[in-house]
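Presented below is the structure to which this report refers.
The values are calculated or read from the model by the stated rules, or taken from the named source; none is laboratory data. Given the structure is predicted, the values throughout are model-derived calculations rather than measurements. Virtual Cβ from ideal backbone geometry, glycine too; neighbours counted across all protein chains shown.
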């Protein structure tokens, strides 16, 4: 379905009945779309969850309008809040991967009443050091210009070859082809605007605010992605009562590379969420040995 929020037509898919079942919102990573979650949806439906996928600004079939301010984190959070109102969902379980994980963190801090529980997959709270953040912003601007100049075919090959996705190369050829085709389905102007508005150099660092989160919280990363495994552990250390799960044989895209383990982690997280007394801390799971 398409839902237009302040002149931006969002592509949204809903599986199940959010009025009768607990809803989970899935937010994809950069250059992806809601379709990236399609293999996970049957498992979530088996958990009696209504599943909502959203093509974020600049991605998939969501219209890439020209107003650059609409690609920022605050404006995206505002849009997501209005989308939830439009489809009649007061609160949901949120799952965000990579860029979508950063969006989900912003959502949980800005609109905590909307977030029943939160799962952050392979995502950071942003870049703390201002100099490093500026360098990242300049690098993202350079990449945005290249995407505009060289086109989506060039980008699909360039992005798929990033070292971050090295572990994906062991996936079946048909899966790799599907990933490439999904990248190709984006529009160059949309990805460029997303980089400028929601890249890690473009938004505030949230690490100092993680302790404000009061919802049940799970950080998940792959053991073959050491940078983000460390980020997940450190973020979990900063949030009393949160949990950290590292899936040993997965890389950056845990839900794709280890779908069964990812689904099991979600099921365990939601079971704890449902049993959790209001305001009580959850026992720590997955913390590093002392």
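Some observations on this one:
- Counted residues, the stretch 61-76 - those being under 22 Å from residue 13 (Cα atoms) and either touching a strand residue (DSSP E or B) at 6+ places or on another chain (Cβ under 7 Å) or at pLDDT below 95 (or both): 6
- Taking the stretch 244-260 as the range and being buried (at least 18 other Cβ atoms within 10 Å of the Cβ) and either touching a helix residue (DSSP H, G or I) at 6+ places or on another chain (Cβ under 6 Å) or in a helix (DSSP H, G or I) (or both) as the test, the residues that pass are 244, 245, 246, 247, 250, 251, 252, 254, 255, 256, 257.
- Test result for residue 171, over 22 Å from residue 200 (Cβ atoms) and modelled with pLDDT under 95: yes
- Residue 144 being assigned to a helix (DSSP H, G or I) and at pLDDT 95 or above: yes
- Filter result for residue 189 (in a helix (DSSP H, G or I), over 25 Å from residue 37 (Cβ atoms) and in contact (Cβ under 8 Å) with a residue 24 or more places away in the chain): no
- Of residues in the stretch 68-86 being more than 16 Å from residue 99 (Cβ to Cβ) and out of contact with any helix residue (DSSP H, G or I) (no Cβ under 7 Å at 6 or more places or on another chain), the one surrounded by the fewest Cβ atoms within 10 Å (Cβ to Cβ): 85
- Residue-level check: of (1) in a helix (DSSP H, G or I); (2) at pLDDT below 95; (3) under 26 Å from residue 128 (Cβ atoms); (4) more than 17 Å from the chain's Cα centre (by Cα), residue 176 misses just (3).
- Residue identified as under 21 Å from residue 152 (Cβ atoms), touching a residue at least 24 places away in the same chain (Cβ under 8 Å), buried (at least 17 other Cβ atoms within 10 Å of the Cβ) and out of contact with any strand residue (DSSP E or B) (no Cβ under 7 Å at 6 or more places or on another chain) among 100, 34, 58, 29: 58
- Qualifying residue in the stretch 202-225 (condition: buried (at least 24 other Cβ atoms within 10 Å of the Cβ), assigned to a helix (DSSP H, G or I) and in contact with a helix residue (DSSP H, G or I) (Cβ under 9 Å, 6 or more places away or on another chain)): no
- In the stretch 144-173, the qualifying residues are those that are within 20 Å of the chain's Cα centre (by Cα), without any contact (Cβ under 8 Å) to a residue 24 or more places away in the chain and within 21 Å of residue 198 (Cβ to Cβ), and the one that is surrounded by the most Cβ atoms within 10 Å (Cβ to Cβ) is 160.
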